[in-house]
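The values are calculated or read from the model by the stated rules, or taken from the named source; none is laboratory data. Just so you know, these numbers come straight off a predicted model, no measurement behind them. For neighbour counting, all protein chains shown are included, and Cβ atoms are generated from backbone atoms with ideal geometry for every residue, glycine included.
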Amino acid sequence: MLVAYLEQMGIEYVFGVPGGAIEPLYNAIARSTRRGGVRHILARHEAGAAFMADGYARESGKIGVCCSTSGPGATNLITGVACAYDNNIPMLVITGQPALPAFGKNALQESSCTGIDTLGMFRHCTRYNSLVSHPKQMETKLVSALQRAIRTPRGPSHLTVPVDVFRSPSPHQAPSYDLQSLLAPASLVDDDTIETLSTMLFEANHVVLLIGGWCGEAIGSILQFAALRGATIVTTPDGKGLVSPRHPQFRGVFGFGGHGSAEAALRDKSVDLILAIGTCMGEWNSGGWSESLLNERLVHIDESEEHLMRTPMARLHGRGRILSVFNRLNERMQGWRNAGNPGHGREPDDAEWTPHHMLAMPDKYESDAAPIKPQRLMRELGRLFPPTTRFLADTGNSVSWSVHYLHPAVDRRLGERRFGGSRKISPGLRKADGGWLRVTMNFASMGWAIGGAVGTAAANPDAPVVCITGDGSMLMSGQELSVAVAEKLNIIFVVLNDRSLGMVKHGQRMAGAEQIGCDLPPTDFAMLARALGAQAHTIRSPEDLSDLDAAALCAHNGPTLLDVLIDPNEIPPMNVRMRVLTNIL
């Protein structure tokens, strides 16, 4: 029954690690695979399986599915599930249990309420969490879990199933519900809010849009609104990949790893309204709760009440599906123009706006020094790979360098809409368009991008995937490279090798703290990758990068690792994080 519902939703992959307590599910997946349905991808660690499901959901717009056996299999999943929970990623999490009669008898890997209570652990990082204790509960609880995963606020739903329940015949011969209609997104809009916001927009002289990571579905309408209104555009770190870095109205990223030009755009005294759209207003995407954003000029537009609760100072809260809200606003803007009213807003200050206008250190962006400057590395990565590339930046220095300095080439023939997924998705399911750059905010698990890249590549094998990760994350989760080898996924893993936990090291130096627990031994990641079956190159200078055949890398039937020996003394743009830590202290 469970697999039949996954087939109905068009879900192609389940990511996990098998075990005795969940064997019946694997038998069902095997039968589905033989008839061309759901296929299993074997992770090397259960946290990696959850990260893969996360990456799959972001790219495909479908629900990511991961599973594990009972006990340690379930506890290993928790970090990846918690990361998805804190980033509102829709996910179905299935764990096994020993047979019901064995509960309380110290069964192997027992994780029921009478053992190591994993159901209790998952309660704190899921939107729905339940034990299926009878076959007749399975369908109702499964459908409830799926509905809750995609309803706002989105997130993981967890079902844990005893093995004897899994083995039981289904009470129904076929699924009873049509999930296409049950899971279809609702186009809810608050008409009173639209009316009030329209009046505010007509009266304002200078509007700034702060585009967050949950604007993917609506980015076309938002950019149309920006053009009609003449609004300045800035993004959060997780929203950066939705907008071309060369858009003439774009002024950079506000928040962690962000740009002074974005901060200046928000601080501009002539700004009447700041429209924050699809952003949770956490530490990294609010500039450390900056007063330049969180003030009386703010209008916060979001589907999630959880997000809106974090901006009590906002002049107005716009509740509803973001796509529907901006479709309505565009109708109002166009009607205003058609009625002969004068245009709104300001012309872009610089029609030839380029990313160079934003950079903190443009000289290092161009540097030929060896070891290679991480700023220069980001420049070359943007040049090497085609416009369809999905970049994933891992937690730590990888995020800060990527958010600030990574600006890929733009294929103008494809237009602005190329910054996101273009694959067909199942009718009725939300398209979680993540843009060309994917990062994880809030819980920010190290190694997320490594598993996430596998899920992304599985969901869209036609687009090159570049995972930018650190040596610390690679030592923590690098075994998932073996999954990319086994699945023959075209992923380029770029390891920032500075022999340290870079953000910890630089943070300690900037704070005047003790230098402790941040140094790593020299590691040859290229040799490690080859041992796992991947091809690999060691990069020491810009010349080594220029010698690479990017087309061949993107056409390779499997992963490639670039072991990049970066200058360890370059401090990443992490002032937002340091400011928050200093203020707390």
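Points to keep in mind about this one:
- Only residues that are in contact with a Lys or Arg (Cβ under 7 Å, 6 or more places away or on another chain) and under 26 Å from P101 (Cα atoms) were counted in the range 124-172, giving 7.
- For the range 21-43, taking the residues that are within 21 Å of L131 (Cα to Cα) and free of Cβ contacts under 8 Å to residues at least 24 places away in the same chain, the one that is farthest from the chain's Cα centre (by Cα) is identified as N27.
- Subset of the range 369-405 [of a type in the set (A, V, I, L, M) and in contact (Cβ under 8 Å) with a residue 60 or more places away in the chain]: A369, A370, I372, L377, L381, L384, L392, A393, V399, V403
- Exclusive hit being among the hydroxyl-bearing types (S, T, Y) and more than 23 Å from T389 (Cα to Cα), set S482, S473, S477, S500: S500
Yes/no per residue for (1) crowded, with 20+ Cβ neighbours inside 10 Å; (2) of a type in the set (K, R); (3) at positive phi; (4) without any contact (Cβ under 8 Å) to a residue 60 or more places away in the chain:
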{"position": "A184", "(1), (2), (3), (4)": "no, no, no, no"}
{"position": "S187", "(1), (2), (3), (4)": "no, no, no, no"}
{"position": "E195", "(1), (2), (3), (4)": "no, no, no, yes"}
{"position": "S198", "(1), (2), (3), (4)": "no, no, no, no"}
{"position": "N205", "(1), (2), (3), (4)": "no, no, no, no"}
{"position": "L209", "(1), (2), (3), (4)": "yes, no, no, no"}
{"position": "G213", "(1), (2), (3), (4)": "yes, no, no, no"}
{"position": "A218", "(1), (2), (3), (4)": "yes, no, no, no"}
{"position": "F225", "(1), (2), (3), (4)": "yes, no, no, no"}
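- The one condition in (1) at pLDDT 95 or above; (2) closer than 16 Å to A449 by Cβ that G502 fails to fulfil: (1)
- Matching residues, the range 217-234, being farther than 17 Å from R319 by Cα and small (G, A, S): G220, A226, A227, G230, A231
- Of the residues making up the range 437-461, those that are of a type in the set (V, I, T) and either more than 18 Å from L481 (Cα to Cα) or in the same structural domain as T279 (by TED's automatic domain parsing) (or both) are V439, T440.
- Within the span defined as the range 6-22, one or more residues are in contact with a strand residue (DSSP E or B) (Cβ under 9 Å, 6 or more places away or on another chain), within 26 Å of D238 (Cβ to Cβ) and among the aromatic types (F, W, Y).
- Any hit, the range 12-20, residues being buried (at least 24 other Cβ atoms within 10 Å of the Cβ) and over 21 Å from the mean Cα position of the chain (by Cα): no
- In the range 39-67, residue surrounded by the fewest Cβ atoms within 10 Å (Cβ to Cβ) [restricted to those that are touching a strand residue (DSSP E or B) at 6+ places or on another chain (Cβ under 6 Å) and assigned to a loop (DSSP other than H, G, I, E, B)]: I63
- Flag if E296 is in contact with a Phe, Trp or Tyr (Cβ under 9 Å, 6 or more places away or on another chain), modelled with pLDDT under 95, in a loop (DSSP other than H, G, I, E, B) and among the acidic types (D, E): no
- Selection count, the range 452-477, where residues are within 19 Å of the chain's Cα centre (by Cα) and either farther than 21 Å from A57 by Cα or part of a strand (DSSP E or B) (or both): 8
- Residue list for the range 227-259, filter: under 24 Å from the mean Cα position of the chain (by Cα), small (G, A, S) and closer than 25 Å to E291 by Cβ: G239, G252, G255, G257, G258
- Only a single criterion out of (1) over 21 Å from the mean Cα position of the chain (by Cα); (2) under 20 Å from D86 (Cβ atoms) is not satisfied by R332, namely (2).
- Strands (runs of 3 or more DSSP E) within the range 85-201 that include 3 or more residues closer than 28 Å to F326 by Cα and not hydrophobic (A, V, I, L, M, F, W, C): none
- Meets criteria (closer than 21 Å to F391 by Cα, under 28 Å from the mean Cα position of the chain (by Cα) and free of Cβ contacts under 8 Å to residues at least 24 places away in the same chain) for A536: no
- Strands (runs of 3 or more DSSP E) contained entirely in the range 224-282, each with at least 1 residues that are closer than 22 Å to S324 by Cα and assigned by TED's automatic domain parsing to the domain that holds W214: 232-235, 273-277
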